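To start, the structure under review is shown below, and the notes come after it.
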Amino acid sequence: GALADIGNVNVTVVDVLTLTVAESAVSSAPALPAFRPVRPCYLSDMRGASPAGSGSLGLENKQGDFKVTWNGAGKSMTEANIHAAGADMRAWPAMATWNTGAVYEVDVSGIQAHPLHFHVNPFQVVQMPNATYGGGFFQVGDFHDTLLLSDVTAAERVKIRMNTDRFTGKMFVHCHILAHEDMGMMNLIDLVGTEGAVLAGAENCVNAALNTTTIAVTTPASTTSGSPRVSSSFLVASFRSGVLLGSFVAVFFQLALG
């Protein structure tokens with residue numbers, strides 16, 4: 001093979017494989033078998049569950065006042081506000097308190113401009129103004145770790161549900177544009193109760209039955225299409241032990257709770 005100079009290193013370039021792709025004489029593609037992955041309990045379909053609580057979450061920027069609110073209440077979580085009067089992040093009051101091992105329903109606003117991101121738990125989309133967005137990529141029933149729907153108007157809402165599975169402690173929620181997060185668009189939800197608690201009915205959901213249906217506590221609405229899907233953004237950030245990968249750098253350098 002020929003020699004190639006890459007920086008200060010001489011390497012030999014050789015052809016390892018030549019692959020030729022040609023269309024066959026078959027007039028139609030063969031049918032592929034259906035595949036449904038076995039999902040863990042924390043990805044159980046929540047569309048038919050009874051929420052333990054509900055409320056409105058706003059990703060807000062009003063004249064440069066960046067903040068996350070719960071039912072209209074919430075303070076901009078800037079560095080100055082965090083450290084006011086000598087306090088630190090551990091003293092920041094949670095904007096809401098949720099029980100571990102339950103389902104909570106959230107009406108989200110501001111999602112057209114600010115990607116919504118929770119630490120610890122993924123969430124499921126249960127209602128949108130339109131059935132799908134992004135050419136069908138975003139659908140009701142999908143699970144996400146981070147969600148931005150630029151085609152939703154500022155006046156429209158997206159409804160999500162979260163299974164507060166197993167973990168207690170403070171859970172961050174913030175805009176995933178990190179410049180907006182730095183300017184205060186983040187807040188905390190306090191997860192309380194029993195460490196290790198899971199949603200009633202979902203204790204033993206990892207089994208063959210989950211390949212064809214959902215757990216007993218659910219009854220998926222007929223207006224949705226098929227089984228819930230896990231988004232690519234969730235697959236990229238699926239570490240659940242306290243901090244999700246998608247925000248690790250921000251947490252390590254900006255939000256670390258000593």
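The values are calculated or read from the model by the stated rules, or taken from the named source; none is laboratory data. Just so it is clear, the structure is predicted and the values come from calculations on it, not from any experiment. When we count neighbours, we look across all protein chains shown, and the Cβ atoms used for this are built from the backbone with ideal geometry, even at glycine. Just the protein is used for accessible areas: all its heavy atoms, side chains included, with ligands, DNA and RNA removed. Shrake-Rupley method; radii C 1.70, N 1.55, O 1.52, S 1.80 Å.
Numbers below:
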read-out: Matching residues, the stretch 113-127, being open to solvent by less than 20 Å² (accessible area, probe 1.4 Å) and in a loop (DSSP other than H, G, I, E, B); value: His114, Pro115, His119, Val120, Asn121, Pro122
read-out: Residue in the stretch 26-43 that is under 22 Å from Leu148 (Cα atoms) and either assigned to a loop (DSSP other than H, G, I, E, B) or open to solvent by less than 40 Å² (accessible area, probe 1.4 Å) (or both) present; value: yes
read-out: Boolean, Asp107 is open to solvent by less than 10 Å² (accessible area, probe 1.4 Å) and charged (D, E, K, R); value: no
read-out: Condition check for Ile160: assigned to a loop (DSSP other than H, G, I, E, B) and crowded, with 19+ Cβ neighbours inside 10 Å; value: no
read-out: When residues of the stretch 44-70 are limited to those that are assigned to a loop (DSSP other than H, G, I, E, B) and small (Gly, Ala, Ser), the one surrounded by the fewest Cβ atoms within 10 Å (Cβ to Cβ); value: Gly64
read-out: Candidate set from the stretch 1-19 (those that are open to solvent by less than 100 Å² (accessible area, probe 1.4 Å) and assigned to a loop (DSSP other than H, G, I, E, B)); member that is modelled with the highest pLDDT; value: Val14
read-out: Residue within the stretch 188-197 that is farther than 16 Å from Ser109 by Cβ, under 16 Å from the mean Cα position of the chain (by Cα), of a type outside the set (Asp, Glu) and not in a loop (DSSP other than H, G, I, E, B) present; value: yes
read-out: Exclusive hit being assigned to a loop (DSSP other than H, G, I, E, B), small (Gly, Ala, Ser) and open to solvent by 30 Å² or more (accessible area, probe 1.4 Å), set Ala80, Ala22; value: Ala22
read-out: Of the criteria (1) surrounded by fewer than 17 Cβ atoms within 10 Å (Cβ to Cβ); (2) touching a residue at least 24 places away in the same chain (Cβ under 8 Å); (3) among the hydrophobic types (A, V, I, L, M, F, W, C), which one Ala85 fails; value: (2)
read-out: Residue match in the stretch 148-155 (condition: outside any loop (DSSP other than H, G, I, E, B), acidic (Asp, Glu) and open to solvent by 10 Å² or more (accessible area, probe 1.4 Å)); value: no
